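Enquirer: Below is the structure I would like to discuss, written out as structure tokens.
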Amino acid sequence: MTTEQGPDAPFVSGFNADYRGRRAECEGGAPIAETKYAGRQFFVGTLTGDYRDFNFGGSPWRWYLLAELTQKPEAYSRDAVWCEEESLTLMDN
Amino acid sequence: MSDPLHTLLCEKLGIEYPIVAFTHCKDVAVAVINAGGFAVLGEAMHPPEHIRADIRWIRERIGDKKFGIDLVLPASVEEERTVEELMAMIPKESRDFEQQIKAKYDVPDPKEAPDLYTWGGLDQARALAQLEVVFEENVPVFASGLGSPKFLLERAHAQGMMVWGLVGTPRQAQKQIDAGVDCIIAQGFDAAGHTGQIGTLSIVPQVVDLAEQRGIPVLAAGGITTGRHLAATLALGASGVWTGSLWLASRESDLNQPLKERLLECEATDTVYSNCISGYTMRTTRCPWHDEWLGPDAPPVLKAPLQMMLSSDYIQGSLDYQRKDLMTEAAGQGIHYVTEMKPARQILSDIVEEALDVFDRFASDDDD
């Protein structure tokens, strides 16, 4: 596990080997910039095992990197997305 | 017959009626709480110190009654780019189409650059800064409008806060129930803004089936604007209703007057589930912007947040110059029943009265 420091990286990075290469769905979404709106987004891809933990006291707020996306919103241009742990469902369970 | 409106939610919150107003207007929140309902103030777009000021403002006006704050926790994020980088990514074809719309409908330029241009990011760090204030102020109820609140439950419960989660699928509900949330808001496709794909009548009983064994109340959300809706969702097993569009055109609402008038005119079919405003699919009231982007000559809708950057001038211009013919707002299909500009207290009492009439009718049918 590596620790990122500074205001631009207020998280701890890590790697979960058990998740590497696992197929997963992400029921994701995010707020829309400077509006009161948000949008739901759905992704399917492969977990790299990389994660980021944000601290809010108690258990960490963990985010996994979902890559090699085979399903993503039509307008989503990236090849990977960070998904909050609870938004993920492993497909091979 | 015992009071059919006195539900588990009323017990947990110490409220008279199982009606929750989700609103971005502090005055609406205070009016609903002081009339015997409950209110959750949406603060997703505000910086931390603004949220703190709002919390204190509400407390001064409701005494020791409970209230809630809603934030939109992200559930997935892409890497950030600067506003300049994003602006440069908008294709000329899309820019030209935006200009065509503005010329065709004589859309005025905004008086000032939309807030979007001072966007500071929507990543996890911003959400955590907002949350910190909600926890420092020990707000009685925190509601997560999108992502899972699992990571904050331990801290919230340790300081006596309740945590609610809004879901669009039974799978999300099960995860949040297992995590230990105190209330689930089951939001159907009829709702305003971002919604799931399942209709309110279908998702509510599914989530109730999952939650009731754990004694967790479920709120029905999406298209609920009448006492008949309230009675129906209680019959489905819900402990109350989460209402948003219902309050948009209330006397206390801080929306501008022409927009309220537009909302009062809207039918259910005047709401559109489209991605042309922001790049995300969301339900909003139909306006010329929708009509043009749904037309055969429209270019492809851009990804979020580029489409929002494209539409923001149109939206802000329509508000700045009070152009009712151009305005749009997030609203659910229940907007059909929002036809009068009434005080929030009266809206609440009308719904309660109508719901009680429904139950009385069933009770008298039984007696016959």
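The values are calculated or read from the model by the stated rules, or taken from the named source; none is laboratory data. Quantities reported herein were computed from a predicted structural model and do not represent experimental measurements. Glycine also receives a Cβ, built like all others from the backbone with ideal geometry; neighbour counts cover every protein chain displayed.
Enquirer: If I ask for residues that are more than 10 Å from chain B (Cβ to nearest Cβ), surrounded by fewer than 19 Cβ atoms within 10 Å (Cβ to Cβ) and either among the aromatic types (Phe, Trp, Tyr) or farther than 19 Å from B:Gln172 by Cα (or both), which ones from region A:37-64 would you list?
Expert: A:Thr48, A:Gly49, A:Asp50
Enquirer: Go through region B:128-149 and give me each residue that's under 26 Å from B:Ala186 (Cβ atoms) and facing another protein chain (nearest Cβ under 8 Å).
Expert: Of everything in region B:128-149, those that are under 26 Å from B:Ala186 (Cβ atoms) and facing another protein chain (nearest Cβ under 8 Å) turn out to be B:Leu131, B:Gly145, B:Leu146, B:Gly147, B:Ser148.
Enquirer: Also: Look at region B:46-83 and say how many of its residues are away from every other protein chain (no Cβ under 14 Å) and within 24 Å of A:Tyr76 (Cβ to Cβ).
Expert: 0
Enquirer: Report yes if some residue within region B:163-173 is touching a Ser or Thr at 6+ places or on another chain (Cβ under 9 Å), within 11 Å of another protein chain (Cβ to nearest Cβ) and surrounded by fewer than 21 Cβ atoms within 10 Å (Cβ to Cβ); otherwise report no.
Expert: Within region B:163-173, one or more residues are touching a Ser or Thr at 6+ places or on another chain (Cβ under 9 Å), within 11 Å of another protein chain (Cβ to nearest Cβ) and surrounded by fewer than 21 Cβ atoms within 10 Å (Cβ to Cβ).
Enquirer: Shifting gears a bit: Does region B:256-271 include one or more residues that are farther than 24 Å from B:Phe189 by Cα, touching a residue at least 12 places away in the same chain (Cβ under 8 Å) and in contact with a helix residue (DSSP H, G or I) (Cβ under 8 Å, 6 or more places away or on another chain)?
Expert: Checked region B:256-271: at least one residue is farther than 24 Å from B:Phe189 by Cα, touching a residue at least 12 places away in the same chain (Cβ under 8 Å) and in contact with a helix residue (DSSP H, G or I) (Cβ under 8 Å, 6 or more places away or on another chain).
Enquirer: Let me ask something else. Could we say that B:Ala344 is within 10 Å of another protein chain (Cβ to nearest Cβ), of a type in the set (Gly, Ala, Ser) and within 21 Å of B:Val28 (Cβ to Cβ) here?
Expert: Here the answer is no, as B:Ala344 does not meet what is asked.
Enquirer: Here is a follow-up. State whether the residues of region B:91-109 include one that is surrounded by 21 or more Cβ atoms within 10 Å (Cβ to Cβ) and either part of a loop (DSSP other than H, G, I, E, B) or within 14 Å of chain A (Cβ to nearest Cβ) (or both).
Expert: yes
Enquirer: Scan region B:280-287 and give yes if some residue there is surrounded by fewer than 19 Cβ atoms within 10 Å (Cβ to Cβ) and either touching a Phe, Trp or Tyr at 6+ places or on another chain (Cβ under 8 Å) or of a type in the set (A, V, I, L, M, F, W, C) (or both), otherwise no.
Expert: No, every residue in region B:280-287 fails to be surrounded by fewer than 19 Cβ atoms within 10 Å (Cβ to Cβ) and either touching a Phe, Trp or Tyr at 6+ places or on another chain (Cβ under 8 Å) or of a type in the set (A, V, I, L, M, F, W, C) (or both).
Enquirer: Report, by residue number, each residue of region B:272-326 that is of a type outside the set (A, V, I, L, M, F, W, C), within 20 Å of the chain's Cα centre (by Cα) and more than 14 Å from chain A (Cβ to nearest Cβ).
Expert: B:Arg286
Enquirer: What is the number of the single condition among (1) buried (at least 24 other Cβ atoms within 10 Å of the Cβ); (2) over 29 Å from A:Trp82 (Cα atoms) that B:Pro140 does not meet?
Expert: Of (1) buried (at least 24 other Cβ atoms within 10 Å of the Cβ); (2) over 29 Å from A:Trp82 (Cα atoms), only one is false for B:Pro140: (1).
Enquirer: Looking at region A:22-36, which of its residues are among the charged types (D, E, K, R), facing chain B (nearest Cβ under 7 Å) and on the phi < 0 side of the Ramachandran plot?
Expert: Within region A:22-36, A:Glu27, A:Lys36 qualify.
Enquirer: B:Leu348: buried (at least 17 other Cβ atoms within 10 Å of the Cβ) and part of a helix (DSSP H, G or I), yes or no?
Expert: Here the answer is yes, as B:Leu348 does meet what is asked.
Enquirer: Filter region B:327-345 for residues that are of a type outside the set (S, T, N, Q) and not in a helix (DSSP H, G or I) and give the result.
Expert: Selection gives B:Met327, B:Glu329, B:Ala330, B:Ala331, B:Gly332, B:Val338, B:Glu340, B:Met341, B:Lys342, B:Pro343.
Enquirer: Can you list the strands (runs of 3 or more DSSP E) lying wholly within region B:162-276 that have 2 or more residues being modelled with pLDDT of 95 or more and of a type outside the set (Ser, Thr, Tyr)?
Expert: Correct list: B:162-167, B:183-187, B:218-221, B:240-243.
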